[in-house]
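Undergrad: Sharing a structure below in structure tokens format, with a few things to ask.
The values are calculated or read from the model by the stated rules, or taken from the named source; none is laboratory data. Since the structure is predicted, the reported quantities are computational estimates derived from the model, not experimental observations. All Cβ positions, glycine included, derive from the backbone under ideal geometry; neighbour counts span all protein chains shown.
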Amino acid sequence: MISLIFFLTIGVLLFSSLFFLARRNPRPEGSSAALVEAQQALMTLQAGLLPVGLVKRVFAREDWDYVRLETTHSIHELFMDERKAVALLWLGQVRAQIGNLGRFHRGAARHYAKLNPRLELKVALSFAGLTAACRALQVLVYLGGPYAAPRMVEAVANAAAEVCKISEQSIGFLNAARLGVLAVQSSDAART
């Protein structure tokens, strides 16, 4: 009887794992959808989340100084809560877009044999470090408010900009490689 329960439990676990594997969204790695998603993440980071003016405004201490001097305590609390929410939202968005770019790089690295392993290791470490820094900064902002670590905010924004540059070069390389394949295919089709 115990062996029957044991085998039924293993059967249920295997069936549930197959069920969850079958429900996954099977998107082929290296597909054009992945390239478009990476380009959108890159544009969102460069144009929407990382401009220096935006980062400075989200974490501007001058706003806090003004509110602290000119308003009541209840407005202080409201301002801090709102600014903290905006800062956490910004960090969450940066981390999500970095995650999208990281998934794209992992998928692209599997398909292109001409990639430099040392460079890919550097890119992987950059993504991991940036993701960890974003998470640590989220914890600091959550615990200490949006003005808890101004140098770390600047460091995360600069590191994200560097990762964007690397991703831009990689996406350009992959676009050029795909255009080369398409050009060869079209010239082969024209000959036949």
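Undergrad: Please work out if VAL86 is aliphatic (A, V, I, L, M), more than 16 Å from the chain's Cα centre (by Cα) and within 27 Å of MET43 (Cβ to Cβ).
TA: In short, yes.
Undergrad: Among the residues of the stretch 100-121, write down those that are touching a helix residue (DSSP H, G or I) at 6+ places or on another chain (Cβ under 7 Å) and either among the aliphatic types (A, V, I, L, M) or at pLDDT 80 or above (or both).
TA: Those that are touching a helix residue (DSSP H, G or I) at 6+ places or on another chain (Cβ under 7 Å) and either among the aliphatic types (A, V, I, L, M) or at pLDDT 80 or above (or both): ASN100, LEU101, GLY102, ALA108, ALA109, LEU115.
Undergrad: Still on this model: Does the stretch 74-86 hold any residues that are aliphatic (A, V, I, L, M) and either free of Cβ contacts under 8 Å to residues at least 60 places away in the same chain or over 30 Å from ILE171 (Cβ atoms) (or both), and which are they?
TA: Correct list: ILE75, LEU78, MET80, ALA85.
Undergrad: Could you list, in sequence order, the residues of the stretch 141-192 that are at pLDDT 85 or above and outside any helix (DSSP H, G or I)?
TA: GLY145, PRO146, TYR147, ALA148, ALA149, listed by residue number.
Undergrad: Against the condition touching a residue at least 60 places away in the same chain (Cβ under 8 Å) and assigned to a helix (DSSP H, G or I), how does TRP90 come out, does it pass?
TA: It is false that TRP90 is touching a residue at least 60 places away in the same chain (Cβ under 8 Å) and assigned to a helix (DSSP H, G or I).
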